[in-house]
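The values are calculated or read from the model by the stated rules, or taken from the named source; none is laboratory data. Keep in mind that this is a model prediction, so the values were computed, not measured. Here the Cβ positions follow ideal geometry from the backbone for every residue, glycine too, while neighbour counts run over all protein chains shown.
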Ligand SMILES: NC(=O)c1ccc[n+]([C@@H]2O[C@H](COP(=O)([O-])OP(=O)(O)OC[C@H]3O[C@@H](n4cnc5c(N)ncnc54)[C@H](OP(=O)(O)O)[C@@H]3O)[C@@H](O)[C@H]2O)c1
């Protein structure tokens, strides 16, 4: 009989990648979880033969129902859905910073996810999309990297749950190749009057940052983790690139002239990405430069351990439509 993987976040980048991977595996059935079964993304999965069920990370009973009979569960929480939700401003305590509220809410959602997974009797593996413990690995230098801390604290909770003992592994996503290009941010490369493309972002243009084609390559990493021994900590790194290499590669792929890179300070990035977004992104990159994106955690393994071929940025650029910014 076929096995069952239940995928949270299936309408998003990471969950879609996991679903695509398992759709190619005839031994597996897929159940996808979404808050809205009539969204275009949810309906598309239904049309591909995925069983779509309603579930909310704020509602443990909905998750328990969604997870019933699962052999494998993929869990992802989304800090940015909470951050972008206008209701979060009303829900947070009056004296609370929005980033603190998002941290607490994402951490609670991850605990709810874990509690629901731990209640599934026949579960063989729960794979959580995690990030490094920046506070720990920086020895307290980076204490307010909220979107990382929430996931790192969630991992400690998951590792402590008796119901997940021998069943838990984590996969860390790198910075998405698409983030500076397709998210409509002020750091997106911009056409100049002379026809060249320039971009600005945090820090110097010649320091390496870990990126990846998460939409394509994250799923195979999750599947490898599900098939490996438990307690795996896999960093799904695709390719290290400096900002200058990033922009040069993109310009070359699109046949447009490279115009150069402008370095922003932490304050400069917070100015162009206000409200906390600049803080989180800048700190993420600054932490990665100083301590390693994965914190240089000795337990971390890389995709090549499983023979996984990760997509280079050049390939990503060839297969991606950039009409919106060209
Ligand atoms: N962007 C990067 O470079 C990067 C790098 C490393 C890690 N990350 C982390 O990746 C996470 C986001 O993953 P993603 O990019 O795959 O997300 P995404 O594409 O933005 O999609 C968000 C997903 O989360 C689901 N979701 C949100 N709130 C939910 C809730 N209350 N209950 C159930 N499902 C909920 C949504 O499902 P429905 O709307 O269908 O319910 C959707 O499938 C973030 O936490 C971020 O910190 C991002």
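Is it the case that some residue within the range 160-183 is part of a loop (DSSP other than H, G, I, E, B), more than 21 Å from residue 287 (Cα to Cα) and within 11 Å of the ligand (Cβ to nearest atom)? Yes, the range 160-183 contains a residue that is part of a loop (DSSP other than H, G, I, E, B), more than 21 Å from residue 287 (Cα to Cα) and within 11 Å of the ligand (Cβ to nearest atom). Scanning the range 91-134 for residues that are touching a strand residue (DSSP E or B) at 6+ places or on another chain (Cβ under 9 Å) and surrounded by fewer than 18 Cβ atoms within 10 Å (Cβ to Cβ) turns up just one, 124. Only one of the listed residues (12, 75) is under 17 Å from the mean Cα position of the chain (by Cα) and under 18 Å from residue 224 (Cα atoms). That residue is 75.
Step by step: first the residues of the range 184-195, then only those that are more than 17 Å from residue 244 (Cα to Cα) and within 16 Å of the ligand (Cβ to nearest atom), then the one that is modelled with the lowest pLDDT. Which residue is that? Explain how you work it out, then say what you get.
Step one: of the range 184-195, the residues more than 17 Å from residue 244 (Cα to Cα) are 184-185, 193-195.
Keeping just the survivors that are within 16 Å of the ligand (Cβ to nearest atom) gives 184-185.
Working: 184: 91, 185: 94.
So the residue we want is 184.
Looking only at residues in the range 78-90 that are part of a helix (DSSP H, G or I) and surrounded by 12 or more Cβ atoms within 10 Å (Cβ to Cβ), the one that is farthest from the ligand (Cβ to nearest atom) is 88.
The set of residues from the range 46-57 being touching a residue at least 40 places away in the same chain (Cβ under 8 Å) and over 19 Å from the mean Cα position of the chain (by Cα) comprises 50, 52, 55.
Regarding the range 135-144, can at least one residue be identified that is touching a strand residue (DSSP E or B) at 6+ places or on another chain (Cβ under 6 Å) and either more than 11 Å from the ligand (Cβ to nearest atom) or modelled with pLDDT of 95 or more (or both)? Within the range 135-144 (the criterion being touching a strand residue (DSSP E or B) at 6+ places or on another chain (Cβ under 6 Å) and either more than 11 Å from the ligand (Cβ to nearest atom) or modelled with pLDDT of 95 or more (or both)), the answer is no, since none of the residues qualifies.
Would you mind listing the strands (runs of 3 or more DSSP E) fully within the range 228-305 where at least 3 residues are touching a helix residue (DSSP H, G or I) at 6+ places or on another chain (Cβ under 8 Å)? Even if it seems obvious, please write down each step before you answer.
On the way: elements: 233-235, 239-241, 258-264.
Answer list for the range 228-305: 258-264.
The strands (runs of 3 or more DSSP E) located wholly in the range 1-77 that include 3 or more residues which are at negative phi and more than 10 Å from the ligand (Cβ to nearest atom) occupy 3-7, 28-34, 72-75. Each residue in the range 103-133 was checked for being under 12 Å from residue 8 (Cα atoms) and assigned to a strand (DSSP E or B), and 4 of them qualify. Within the range 189-231, being under 15 Å from residue 172 (Cβ atoms) and without any contact (Cβ under 8 Å) to a residue 40 or more places away in the chain holds for no residue.
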